[in-house]
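Accompanying notes for the structure given below.
The values are calculated or read from the model by the stated rules, or taken from the named source; none is laboratory data. Quick caveat, the model's predicted, so the values are computed rather than measured. Note that each Cβ is placed from the backbone with ideal geometry, even for glycine, and that neighbours are counted across all protein chains shown.
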Ligand code: APR
């Protein structure tokens, strides 16, 4: 019998209890940094050293962080379900927890890419991407991150996967940023949907939606237990 398909959309909230700041909570990440100074192509062209430094600091925190019970619960789901994780996060905590299918809509902080050809992607060894490190075409390497105003190459793949969901979990995202937030519209009407978030983001009239107003580290294991039973 076909394994039921569980599709998971995660955001910064699932990594909050691993010590990585979210974007929109009070002491959010952007504190002290205007996103237009550090997370747009214009910022990179204007001041690549500042942008590099910003992501080097974030990369250091990611490398020091550990996956939490929510990441682990999603790995356990794979024993009974065909699980695909679509994450807006650029940390690699899902991978380090052991999840098999992870799609990064907004890139991955542990990798760099050519400034000339975004298809040329490289692993970053350690926390620091240095000025002067060049791609095979000779351009300065930049973070492999989708900046505001840039296209989201994986969005079509992600939308197609959402159309096949039997169960859809939304964990730790304010659903404030498109096109990621629009993925819920691709989920079949009769699929079971769950939101796990202590502040439960605004979701207008979605069918079959259960809201679990809890932190990910307690809410996700609970849902995992329910689904596996
Ligand atoms: N457990 C679960 N959810 C949590 C927790 C927690 N411990 N702590 C906070 N949250 C929730 C918040 O209530 C909020 O709804 O996580 C969500 C975080 O929302 P954002 O900070 O907006 O993060 P996210 O939705 O991932 O942002 C999307 O915006 O800044 C861009 O590209 C960036 O990928 C990011 C995108």
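Per-structure values
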{"read-out": "Selected residue (only one of 57, 72 is in a helix (DSSP H, G or I), at pLDDT below 95 and surrounded by fewer than 20 Cβ atoms within 10 Å (Cβ to Cβ))", "value": "57"}
{"read-out": "Single unsatisfied condition, residue 144 versus (1) farther than 30 Å from residue 3 by Cβ; (2) not in a strand (DSSP E or B)", "value": "(2)"}
{"read-out": "Flag for residue 37 being within 16 Å of the ligand (Cβ to nearest atom), in a helix (DSSP H, G or I), outside the structural domain of residue 173 (by TED's automatic domain parsing) and modelled with pLDDT under 95", "value": "yes"}
{"read-out": "Any hit, the range 198-205, residues being within 16 Å of the ligand (Cβ to nearest atom) and modelled with pLDDT of 95 or more", "value": "yes"}
{"read-out": "Residue count for the range 179-209, restricted to those that are within 18 Å of residue 86 (Cα to Cα) and not in a loop (DSSP other than H, G, I, E, B)", "value": "12"}
{"read-out": "Residue that is farthest from the ligand (Cβ to nearest atom), among those in the range 206-229 that are within 17 Å of residue 16 (Cα to Cα) and in contact (Cβ under 8 Å) with a residue 24 or more places away in the chain", "value": "221"}
{"read-out": "Check on residue 90, within 16 Å of the ligand (Cβ to nearest atom), assigned by TED's automatic domain parsing to the domain that holds residue 7, under 27 Å from residue 57 (Cβ atoms) and not in a strand (DSSP E or B)", "value": "yes"}
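Quick grid of which residues meet (1) within 23 Å of residue 214 (Cβ to Cβ); (2) within 13 Å of the ligand (Cβ to nearest atom); (3) assigned by TED's automatic domain parsing to the domain that holds residue 9; (4) in contact with a strand residue (DSSP E or B) (Cβ under 6 Å, 6 or more places away or on another chain):
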| residue | (1), (2), (3), (4) |
| --- | --- |
| 162 | no, no, yes, yes |
| 167 | yes, no, yes, yes |
| 170 | yes, yes, yes, yes |
| 181 | yes, yes, yes, no |
